[in-house]
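This report refers to the structure that appears directly beneath it.
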Amino acid sequence: MTAATLHGSHVASGGAVRGIGPRRWFEPGRSAAYLALAVLSLIWLTPFLWAVNTSFKSETDASALPVSVLPAEGYTTGAYARIFETGDVPLWAFNSAVVSIAVTLLTLIVSTLAAYAFSRLEFPGRRVLYALTIASIMVPTQIFIVPLFDQMLALKLVDTYWGIILPQLIHPVMIFVLKRFFDEIPMELEDAALVDGASRFRIFLQIVLPQSRPIIAAVAIFVFIGAWNNFLWPFIVTNDPNLMTLPVGLQAVTPGYGVVFALRMAQAVLAALPLVIVFLFFQRQIIRSISTTGIAGS
Amino acid sequence: MTTAALGPNRTSRLAARRGRQRRWHRNRQPIGLLYVAPFAVLFAMFLVWPTIYGFYLSFTDRNLAGASAPSFVGLANYLEAFADQVVWRSMGNTVWFTVLTTIPLVILPLVVALLVNLNLRGQWFWRLAIFMPFLLASTVVSQIFTWLFNPDLGLINAALGSIGMTGPAWLQDPKTAMTAVVIATVWWTIGFNFLLFLAALQNIPAQIYEAASVDGASAWRQVFLITLPLIRRTVLLVVALQVLASIKVFDQIYQMTGGGPANSTRAILMYVYDTGFSNYRLGYASAISYIFFVIVVVLSLVQVRFFSRKADR
């Protein structure tokens, strides 16, 4: 109890204490921290800014020597115009949207159901299945792309949306995160509803899910970012340029002929834009999502 | 006093809850199977089955180009893999890449998180600048860095030139290609580890620092004696996650160098890819996968034991 009072007084007088004593000591330190962060942020933003800058140059300026920031011919949106002429990038962006939205929704359905069962229901094989699920977190499953592709050939799922989507629905980490969250929800409400004769599925839908909104949002954001940016599997399973997602199309199809530096940078900027815009609007939620779901690995 | 009062109360609540849970479970048992079924089916089809099927494939000469049915070849694929210089070169490259990325990707984001956690102004801007690259697809990152690392026209060599240095050919030079890929990787993924560290730092109660300040502990001493010990678990977690992420590197290397020049950046997953999809040798590719798989599983077990022992202390 005494400790609590002491703490209280410290908190109350915290500003004053800092003002007299250590604060002055800290000032040069804080300036140095600002300087370090400013330099680092500048370094970190430069590649992206340089890409944007190049994308608004003509190809002649982009490949002119010596390298200069400002283009001799002035800025132009020519590279972007050429992208929209061919129509590849908008099509790939559409494919990416279809695939990522489907992966996110289906992963949420599959994972919340499984996590609920692992958290609340006893069924034969529960322990073994959960142990296997957790164990698979530690294994880089990408290593089995070759047998997986051979299997997709047999299932005739190569060059289909389902072929891209289905293997991306397995998210053991998310099941772990959701189960841990469900475990913390008090069961009183569910018990009462059960006594009142509500079905198990209704309880899940109307009591458990609404209480889990924050964690579901976090999982959704995390899965969506992963699916939007996923490269290896969509790259392997699609050969048809009309079915490619944005990251795959950008890599697999060489745009235009000859020197295309400005064009490539315009493509990169366009491909980056959707998530960057989403991030600017939902910064807080996205950061919280990464922190909560990422840390769950512990 | 409060904790003492809380203790038994909480345990009895937990016990009651567990009792309820048991009653609940006893009532309807197999219905849970319906709930896990979608996941279990996907898990079995697209994760467990490829693992088993890959094991079978690794003992065959299954070839995408050959029309004939695959035949059993015993240990031939494994014997070939053990004698294949490129397998070992790729393993070595993968380990080297993991070392080169893990060290900066643990230290750098930790330092940035410590700085940002000083409650400086402009939090959102620092977070934006450091974290944004993580939102980019590997293709975008690779295209931007291929452009930056361009020997003649790239910004990096132009900057080096302006201070009188001659930059290397980066991605075209076996001596610098790996460094270039590592730089791109650090730029790209620092944001994830940074957020994990920042979340851990923000969980440390401010009172601890205030008490330390009153006791006259300098900022450096506070970092080393208070902060780092308190977030030790997060540091270990980040190391583990980073090793796991780096060891399966594919995207940025494939896109920036294609494994070259002279195999200097070829990682193991890339060699599996090339063997399977460029040379169509699915059987041999599966054998290489399995060798790598066994190594990673052993490594994971060692890591788990090591970390659980550390956490116990």
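The values are calculated or read from the model by the stated rules, or taken from the named source; none is laboratory data. All values reported here derive from a predicted model rather than from experimental measurement. No Cβ is skipped: glycine too gets one built from the backbone with ideal geometry, and neighbour counts run over all protein chains shown. Remember, those area values only see protein heavy atoms, side chains included, never the ligands or the DNA or RNA. Shrake-Rupley method; radii C 1.70, N 1.55, O 1.52, S 1.80 Å.
Over segment A:162-298, average the accessible area per residue using a 1.4 Å probe and give it in Å², no decimals.
Values: 5670 Å² over 137 residues.
Counting only protein heavy atoms, the per-residue value for segment A:162-298 is 41 Å².
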Query raised in the report: Which far-off residues, 5 or more places away or on another chain, put their amide H under 5 Å from the one on B:D61, with H placed in the peptide plane?
Result: B:S71, B:V73
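Taking the inverse of the average 1/r across all pairs of different Cα atoms in the protein assembly as shown, what Kirkwood radius in Å do you get?
Details: mean 1/r = 0.0371 Å⁻¹.
For the protein assembly as shown, inverting the mean 1/r across all distinct Cα pairs yields 27.0 Å.
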Report task. Evaluate the charge dipole of the protein assembly as shown about its Cα centre and quote only its size in Debye, nearest 20, assuming +1 on the Cβ of each Lys and Arg and -1 on the Cβ of each Asp and Glu. Result -> 2540 debye
Requested in this report: Using +1 at the Cβ of each Lys and Arg and -1 at the Cβ of each Asp and Glu in the protein assembly as shown, identify which of A:F235, A:I137, B:S218 lies farthest towards the dipole's positive end.
Outcome: B:S218
Query - Estimated translational D of chain A in µm²/s (Stokes, Kirkwood radius over Cα pairs; 4 °C; 1.567 mPa s) - result: 54 µm²/s
**Report entry** Rounded accessible area per residue of segment B:222-301, 1.4 Å, Å²
**Finding:** 34 Å²
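I need the helices of chain A that pass two filters: whole DSSP H segments spanning 20 Å or more by Cα along the axis, and mean Kyte-Doolittle score no lower than -1.0. Mind dumping the intermediate values first?
Details: long enough: A:2-20 (25 Å, 0.44); A:22-55 (49 Å, 0.49); A:88-120 (47 Å, 1.36); A:213-229 (24 Å, 1.66); A:261-281 (30 Å, 2.18).
Span-like helices in chain A: A:2-20, A:22-55, A:88-120, A:213-229, A:261-281.
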Report summary line: Result for interface chain B to chain A, accessible surface buried in total, 1.4 Å probe, Å² to 100, stands at 10000 Å²
Query raised in the report: How much length, in nm to one decimal, is gained on full extension between B:F82 and B:I295, taken as 0.36 nm per residue of separation minus their Cα-Cα distance?
Result: 75.3 nm
**Report entry** Taking only Cα atoms of segment A:209-250, radius of gyration then Dmax in Å
**Finding:** 14.3, 43
Report summary line: When chain A is treated as a Gaussian network with springs between alpha carbons less than 10 Å apart, the largest mean-square fluctuation among A:N242, A:N229, A:N95 is found at A:N242
Requested in this report: Consider a paramagnetic label point 7 Å from the Cα of B:V41 along Cα→Cβ; state which residues of segment A:157-190 have an amide N under 14 Å from it.
Outcome: A:166-167
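Quick check for me: using +1 on Lys/Arg Cβ and -1 on Asp/Glu Cβ, what's the dipole size of chain B about its Cα centre, in debye to the nearest 20? Working shown, then result.
Working: 24 positive and 10 negative charges, 416 e Å.
The dipole magnitude comes to about 2000 debye.
Note down the relative contact order for segment B:154-250 as a percent, whole number, built from C-alpha pairs under 8 angstrom at least six residues apart. Provide the component values of the computation, followed by the final result.
Values: 32 pairs, mean separation 18.2, N = 97.
Reported relative contact order: 19 percent.
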Query raised in the report: How many Å³ per residue does the convex hull of the Cα positions in chain B occupy?
Result: 227 Å³
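Could you rank B:W188, A:W162 by how accessible they are, 1.4 Å probe, largest area first? The partial results should precede the final answer.
Details: B:W188 40, A:W162 140 Å².
I get A:W162, B:W188, largest accessible area first.
Among all helices in chain B defined by DSSP H, which have a length of 30 Å or more along the axis from Cα atoms plus a Kyte-Doolittle mean of at least -1.0? Let's see the in-between values first.
Working: long enough: B:2-27 (38 Å, -1.58); B:85-116 (46 Å, 1.61); B:177-202 (38 Å, 1.72); B:282-312 (44 Å, 1.31).
Those that clear 30 Å and a mean of -1.0 are B:85-116, B:177-202, B:282-312.
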**Report entry** Point-to-point label distance, B:S218-B:F72, nm (Cα→Cβ direction, 7 Å offset)
**Finding:** 7.1 nm
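Per Stokes-Einstein, at 4 °C and 1.567 mPa s, what whole-number D in µm² s⁻¹ belongs to segment B:164-313, with the Kirkwood radius over Cα pairs as the hydrodynamic radius? The partial results should precede the final answer.
Values: Rh = 18.9 Å.
Answer from the Stokes-Einstein relation: 68 µm²/s.
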Query raised in the report: Normalised by the residues of segment B:74-312, what does the relative contact order come to in percent, with Cα pairs under 8 Å and at least six apart?
Result: 31 percent
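Given Cα pairs under 8 Å that are at least 6 residues apart, what percent is the relative contact order of chain A? Walk me through the numbers on the way to the answer.
Values: 240 pairs, mean separation 90.2, N = 298.
Averaging sequence separation for qualifying contacts and normalising by length gives 30 percent for chain A.
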Query - Set of aspartates and glutamates near A:K57 by C-alpha distance (under 13 Å), chain-local residues within fewer than 8 positions excluded - result: A:E73
Query raised in the report: So how do B:S300, B:S71 rank on accessible area, 1.4 Å probe, biggest first, that is with the largest at the start?
Result: B:S71, B:S300
Report summary line: Among the Cα-Cα pairs of segment A:88-253, the proportion with separation greater than 19 Å, in percent, is 61 percent
